[in-house]
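Below is one structure, written out as structure tokens; comments come after it.
Derivation of every value follows stated rules applied to the coordinates shown; laboratory data play no part. What you see is a predicted model, and the numbers here were worked out from it, not measured in a lab. Ideal geometry is used to build each Cβ from the backbone, glycine not excepted, and the neighbour counts take in all protein chains shown.
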Amino acid sequence: MAKVPGPKWAPIFQDLVRLTPPKTIINFELLWRNPQPSWTSPGARVVQIGDSAHSYLPASGNGATQAIEDAISLASCLQIGGKENIPQSVRAHVRFR
């Protein structure tokens, strides 16, 4: 039987530990990567979004959320800047994000 944490733990957590079958908890390493030095190509015609641009731990599940936020930000910057200012609009998006 699993050792139950001391009396400072709420009873519900003590029950959770007690009821967890042995050898069922998977421990995986959380890895960190350094941020990208730049999210854009030199001409600012290609831009990284989501978890390719933002460094998050894989277990956070935040990459898709960041991709959606990036897409909205990028679309807004492109709309405001217009077709004649695409590189400046992309760089503005990167500054905001």
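Between residue 33 and residue 13, the FRET efficiency estimated from the beta carbon spacing at R0 = 30 angstrom works out to 0.40. Note that region 47-53 has calculated 3J(HN,Hα) couplings of 9, 8, 9, x, 6, 6, 9 Hz, one per residue in order, obtained from phi through the Karplus relation 6.51 cos²θ - 1.76 cosθ + 1.60 (θ = phi - 60°); glycine and proline are x. With a simple spin-label model that places each label point 7 Å from the Cα along the Cα-to-Cβ direction, the separation between residue 76 and residue 56 comes to 1.8 nm. Given a Förster radius of 22 Å and the C-beta distance between residue 83 and residue 46 as r, what FRET efficiency does 1/(1 + (r/R0)^6) yield to the nearest 0.05? Using R0 = 22 Å, I get an efficiency of 0.85.
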